[in-house]
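Have a look at the structure below before the remarks.
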Amino acid sequence: MIKQQEGRIVLCGASSYEQKYYFNKLFEKIPQSVQDELHIMCVLFTEEVGGVITFVFEEDGSLSIETEAAEDDYMYDEISSGLLVSKIRNTRQELLESLDLYYRVFVRHEDISALLTEEG
């Protein structure tokens, strides 16, 4: 279901086709409440829109939300998909920024003081 591409690491994702949720064990130290929230967001997305959604850390440490659908999935609603991803980005912005910071500090081992100065 979830492919890892060079320099990118999948945080989590869900597939309406397999009716499965995936959470990368590399991030098991993320608080359980945050893991639960990601699980809910992914599953609700696939139930509402269909297809596959993945949260992926890019090479630069930023978090992307990607969606895709099988070519023959005529029930997948691409417009709703885009709107729902935008809604997630807007309503969960603080959570997504916290995940960016977590990844950059605990996985990439970047200097937290430089990151906080950069964001502030």
Item to check | Excluding exposed DSSP-loop trypsin sites (Lys or Arg not before Pro) (at most 16 other C-beta within 10 Å), longest clean stretch of the chain | outcome: 30-91
Checklist entry - To two decimal places, what compactness ratio does segment 11-50 give when its Cα radius of gyration is scaled by 2.2 N^0.38 Å? => result 1.14
Checklist entry - Placing +1 at every Lys and Arg Cβ and -1 at every Asp and Glu Cβ, with all other atoms neutral, what dipole size does segment 10-120 have around its Cα centre, in debye to the nearest 20? => result 420 debye
Checklist entry - Can you give the helix-only mean residue ellipticity at 222 nm for the chain, where every DSSP H stretch with n ≥ 4 adds -39500 (n - 2.57) and the sum goes over all residues, rounded to the nearest 500 deg cm²/dmol? => result -12500 deg cm²/dmol
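Going by average Cβ density within 10 Å per residue, which order do the peptides 49-55, 12-18 take, highest to lowest?
Highest-to-lowest ranking by the protection proxy: 49-55, 12-18.
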Next on the checklist: Rounded to the nearest percent, how much of the accessible area of the chain (1.4 Å probe, protein heavy atoms only) is carbon and sulfur?
Outcome noted: 49 percent
Checklist entry - How far is helix 93-102 tilted off the main Cα axis of the chain, in degrees rounded to 10, range 0 to 90? => result 60 degrees
Next on the checklist: Per q in 0.24 Å⁻¹, report the Debye log10 I(q)/I(0) for segment 26-101, using one uniform scatterer on each alpha carbon and no solvent.
Outcome noted: -1.21
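The values are calculated or read from the model by the stated rules, or taken from the named source; none is laboratory data. Being a predicted model, the structure only gives us computed values, none of them experimental. FYI the Cβ positions are ideal-geometry reconstructions off the backbone, even for glycines, and counts take in every protein chain you see. These accessible areas exclude ligands, DNA and RNA; they are computed on the full protein's heavy atoms, side chains included. Shrake-Rupley method; radii C 1.70, N 1.55, O 1.52, S 1.80 Å.
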